[in-house]
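Okay, so here's the structure we're looking at.
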Amino acid sequence: MSVSVIGYKEEKDRSGAIYNYPFSIFHYPLIPRFVSWGIQLLGFGMMKRTFFAILSILFLNGSVFAQSPYEMSSRNEYILLGSGLGLSALAYSLDSKVQPLTANDLAALDRNNIIGFDRSASYNYSYLSAAFSDLLLYTVAVSPALLYLSPDVRKDAAQYTMMMAEMMMFTYSVTTIVKGAVQRIRPYAYNSSAPDDLRIEPDSRKSFFSGHASFTFASAMFLSETFSAYNPGSEYKGYVRAGALLLAATTSYLRYASGKHFPTDILTGAVVGSAIGYYVPQLHKKETETQVTYTPFAIQVMVPF
């Protein structure tokens, strides 16, 4: 939700053809920009703290506490972190090559070319929905840190922080690689009510798939799985899972309402994020030990949990 005044300037391409490019003379969001800046700074600070946490953990001994449901192997952690950093570098490279749209690109957009399931998103644009989706994104993304309130998790802080960092790294890199490779145009670019300076930004080519959906569902699934592992007998496991997934779903809906994503972008992001959030803890779970004792009358199998 904003007020914009758009101007146009003429430019020639290499062939000598003349094009009119829109540029913003005046743009005033009805929601102050400092709200969005504050959200972005919060996210930057979180990523910076996570980065230094990773560096510290790399030099810690891989001791595992007896009550921990997870274990940390130095070899496995270096493999995961190495592959994650490699994917992150590829993601950065692809992301930096995304170019803005031109006036001709906008003029060529036709919502009739969008599949029927996705087409309704091209009529959406809401700055308010986008701002609230950003707020929910960072809220859900840091929600796994709430488990540090548990003494058991604090004793297992090195392992837990490492898993959380890996979840974030793989979610970011996979999402950004696909965005840079596919370069699907966002729904609001089809909507003339959206500011033209927004419609031509390079970010307008990053619709598939939704990073907000992948990050929130990854964090929600990660929180649900780790809470259940540390609290296997808790009656609140279902509530934690339902609440976390509800916040992720709400964030995803706001991305649709804001015109940032098509439904297929959101569904794909939810599936990818959920898979990462589920499998990262599973890769670190301790294997269940089985003991078999023989008696004169029967074979007794004891499986400790």
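Only a single criterion out of (1) more than 16 Å from the chain's Cα centre (by Cα); (2) more than 19 Å from Leu147 (Cα to Cα); (3) of a type outside the set (A, V, I, L, M); (4) crowded, with 23+ Cβ neighbours inside 10 Å is not satisfied by Arg205, namely (4). Would you please name the residue that is nearest to His261 (Cα to Cα), looking only at residues in region 148-180 that are charged (D, E, K, R) and part of a helix (DSSP H, G or I)? Looking at residues that are charged (D, E, K, R) and part of a helix (DSSP H, G or I), I get Lys179.
Let's see how each residue does on (1) surrounded by fewer than 19 Cβ atoms within 10 Å (Cβ to Cβ); (2) touching a strand residue (DSSP E or B) at 6+ places or on another chain (Cβ under 8 Å):
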site	(1), (2)
Ser96	yes, no
Gln99	yes, no
Ala103	yes, yes
Tyr123	yes, no
Leu146	yes, no
Lys155	yes, no
Tyr160	no, yes
Val178	no, no
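When Ala141 is tested against (1) buried (at least 19 other Cβ atoms within 10 Å of the Cβ); (2) of a type outside the set (D, E, K, R); (3) at pLDDT 95 or above, exactly one condition is not met: (3). Looking at region 254-274, is at least one residue on the phi > 0 side of the Ramachandran plot, touching a residue at least 24 places away in the same chain (Cβ under 8 Å) and not in a helix (DSSP H, G or I)? Yes, region 254-274 contains at least one residue that is on the phi > 0 side of the Ramachandran plot, touching a residue at least 24 places away in the same chain (Cβ under 8 Å) and not in a helix (DSSP H, G or I). Tell me, which residue of region 60-112 that is over 30 Å from Arg184 (Cβ atoms) and polar (S, T, N, Q) is modelled with the lowest pLDDT? So, considering only residues that are over 30 Å from Arg184 (Cβ atoms) and polar (S, T, N, Q), the one modelled with the lowest pLDDT is Asn61.
Just checking, how many residues over region 218-231 are more than 9 Å from Ala141 (Cα to Cα), assigned to a helix (DSSP H, G or I) and either out of contact with any Ser or Thr (no Cβ under 7 Å at 6 or more places or on another chain) or of a type in the set (A, V, I, L, M, F, W, C) (or both)? Going through region 218-231 one residue at a time, the tally reaches 9. A single member of Ala244, Ala248 is surrounded by 15 or more Cβ atoms within 10 Å (Cβ to Cβ), under 20 Å from Ser150 (Cα atoms) and touching a Ser or Thr at 6+ places or on another chain (Cβ under 7 Å), and it is Ala244.
The values are calculated or read from the model by the stated rules, or taken from the named source; none is laboratory data. Computed from a predicted model, the values in this text were never measured in an experiment. Positions of Cβ are generated from backbone atoms using ideal geometry, with glycine treated the same way; all protein chains shown enter the neighbour counts.
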